[in-house]
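The values are calculated or read from the model by the stated rules, or taken from the named source; none is laboratory data. Please read these numbers as outputs of a predicted model, since none were measured by experiment. Ideal geometry is used to build each Cβ from the backbone, glycine not excepted, and the neighbour counts take in all protein chains shown.
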Amino acid sequence: MRNTRTAPLLAAGIAATLVSALTPATAFAAAEMSAAKDPLRQYTRQKLQWQRCDAGSPAAFRCATVKVPLDYGDPGGKKIDIAVSRLKASSAEERRGALLFNPGGPGAPGLNMPIDLEADLPEKVKGQYDLIGFDPRGVGQSSPVSCGLTADEMITDRPYRKGTFAKDVKWARTVADKCLAKGGDTLRNLTTRNTARDMDVIRAVLGEKKISYLGYSYGTYLGAVYAQMFPRRTDRFVLDSAADPARYGRGMFQEMAEGTEPAFTRWSRWTARRHTAYELGDTPAEVRRTFWDLVARADSRPIDFDGESLTGDAIRAERHKLFHVQAGAEWITGLKKAAENRGADGGEQAARGRKADPSGFSPEGAPGPAPSGFVRDVPPDNGDASAWAVLCADTRTWPRDPEQYRRDAIRDKARYPLFGDFASTIKPCAFWKPGSEPATTVNNKVGALILQNEWDPQTPLAAGRAMHRALRGSRMVTVSGGEGHGVYPFKSCADRSATVYLTTGRLPARDLTCRAPETAPAEHTGG
């Protein structure tokens with residue numbers, strides 16, 4: 001059954017009928033009173049004008065613009081656009097409501113998620129839900145922001161080195177200053193709490209009492225914040241590859257470094273057992289020595305491989321490859337051969353860093369950004385500008401002293417050699433203007449299903465477990481041996497639990513662990 005209106009909207013509709021029968025003076029006074037009681041009424045009662053999203057997309061895929069206040073503390077002030085998309089439920093009889101998506105980020109667009117996920121979602125899910133995508137505020141087609149960053153300023157993988165730290169501090173300050181100059185108060189309102197409020201306006205405009213949700217990575221934090229702020233409007237929430245809400249912000253980068261070390265140990269053991277195939281070492285210790293020897297050689301003289309000139313720092317920045325044991329072994333084997341066979345001239349000097357999503361939280365299996373002709377062109381630095389805005393404005397726990405970052409980077413490089421200094425070194429958040437309000441404490445009993453691969457490079461298993469503890473009404477399905485970032489609906493052993501929950505509302509009676517297929521040994525290819 002479709003939930004056609006929220007209770008507040010029903011009340012507002014009755015009030016509007018009564019107002020129309022009053023005298024003009026009385027009606028004006030009643031309207032003022034209604035606005036005072038519900039300052040968001042002008043937003044929640046919008047009528048959407050659905051249109052085709054793009055000439056190249058299916059005709060059934062429709063888009064519309066929702067107006068929301070930039071600052072919910074000043075709903076009569078500046079307005080911004082939120083781009084929303086929809087694929088209607090395939091069965092009018094079975095339709096339950098709306099299923100919203102978020103791909104992660106922050107800073108990742110989600111407008112195209114309904115069509116990107118449609119082929120993989122089970123028919124039962126598509127029959128019961130309108131699939132709803134949206135670009136979060138400031139992202140993509142939703143009043144996109146820009147800081148005017150150059151290509152070099154968008155390089156975010158910056159390891160700590162004593163000789164370059166002053167330049168990295170200058171970079172972080174420059175990014176923050178340029179964003180403040182160009183974005184000002186707009187950026188300080190690009191927060192997760194405000195995006196959750198935007199989701200609730202979308203819910204009301206769609207005429208739903210509650211919304212269901214599938215969020216990946218950072219999107220799990222967004223979903224948890226929505227559940228904290230609007231528990232009675234939270235229906236069936238699937239949080240895939242979950243972030244730790246207590247460590248949201250700087251701690252998420254550091255958790256990535258912490259999770260890399262056991263993954264590196266696992267990879268070295270797996271690879272040692274297949275020395276005949278990869279020739280990287282017949283013991284885990286020997287495999288690790290081979291890896292670190294390559295890093296040292298590349299630091300001395302970059303290695304040309306797969307069209308890139310890789311320094312040792314660039315190799316370390318690719319640490320996520322080692323979470324996929326077979327792919328990681330193949331990559332290091334190729335890199336080793338390139339280092340051994342390179343010509344006397346060697347590789348060209350590689351860049352210190354590389355362009356990356358500042359958050360690093362984009363699910364591998366989930367859809368990535370896709371162009372849409374719905375509204376406008378997007379500034380080239382939109383992903384970086386919006387990601388830093390959310391990460392920096394959401395919490396007030398970022399250290400302000402650059403020396404604190406230096407000390408932490410030195411400490412964490414010793415603790416977590418592969419990625420510790422990347423995670424803990426200086427970030428633009430050190431110089432960012434505080435957000436419009438403090439971060440949300442996630443701690444509630446709202447029902448949710450958390451899905452987690454054991455070997456996730458972006459949101460480690462410990463982070464998923466922390467989200468599970470914070471959401472006391474949740475259940476968790478862990479894919480033992482599961483590799484990568486993103487679980488559902490990508491043919492995982494957790495798919496059935498998620499589909500049952502979305503279509504029936506039944507959470508598992510207890511937390512579950514299912515096993516991913518074993519990674520097949522690679523064949524020896526010679527060479």
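Worth a mention:
- Residue count, region 397-407 (criterion: among the acidic types (Asp, Glu) and under 25 Å from the mean Cα position of the chain (by Cα)): 0
- Beta carbons closer than 6 Å, at least 6 apart along the sequence or on distinct chains, pair a first residue in region 314-333 that is farther than 9 Å from ALA263 by Cα with a second that is at pLDDT below 95 and crowded, with 18+ Cβ neighbours inside 10 Å for ALA314/ALA350; ALA317/ASP157.
- Residues in region 242-285 that are among the β-branched types (Val, Ile, Thr) and either in contact with a Phe, Trp or Tyr (Cβ under 6 Å, 6 or more places away or on another chain) or in a helix (DSSP H, G or I) (or both): THR260, THR265, THR271, THR276.
- Some residue of region 101-124 being assigned to a strand (DSSP E or B) and not small (Gly, Ala, Ser): yes
- The residue list ALA172, ALA204, ALA196 contains one member that is over 16 Å from CYS429 (Cα atoms) and either under 23 Å from the mean Cα position of the chain (by Cα) or not in a helix (DSSP H, G or I) (or both), which is ALA196.
- Every residue from region 386-423 that is of a type in the set (Gly, Ala, Ser) and either modelled with pLDDT under 95 or over 28 Å from ALA196 (Cα atoms) (or both): ALA393, ALA409, ALA414, GLY420
- Subset of region 123-154 (residues that are of a type in the set (Val, Ile, Thr) and either over 22 Å from the mean Cα position of the chain (by Cα) or modelled with pLDDT under 95 (or both)): VAL125, THR150
- Any hit, region 148-155, residues being within 20 Å of VAL84 (Cβ to Cβ) and part of a loop (DSSP other than H, G, I, E, B): no
- Among the residues of region 453-484, just one is closer than 25 Å to LYS210 by Cα and in contact with a Gly (Cβ under 6 Å, 6 or more places away or on another chain), namely GLY473.
- Helices (runs of 4 or more DSSP H) wholly inside region 409-527 containing at least 3 residues that are touching a residue at least 12 places away in the same chain (Cβ under 8 Å) and among the aliphatic types (A, V, I, L, M): 461-470
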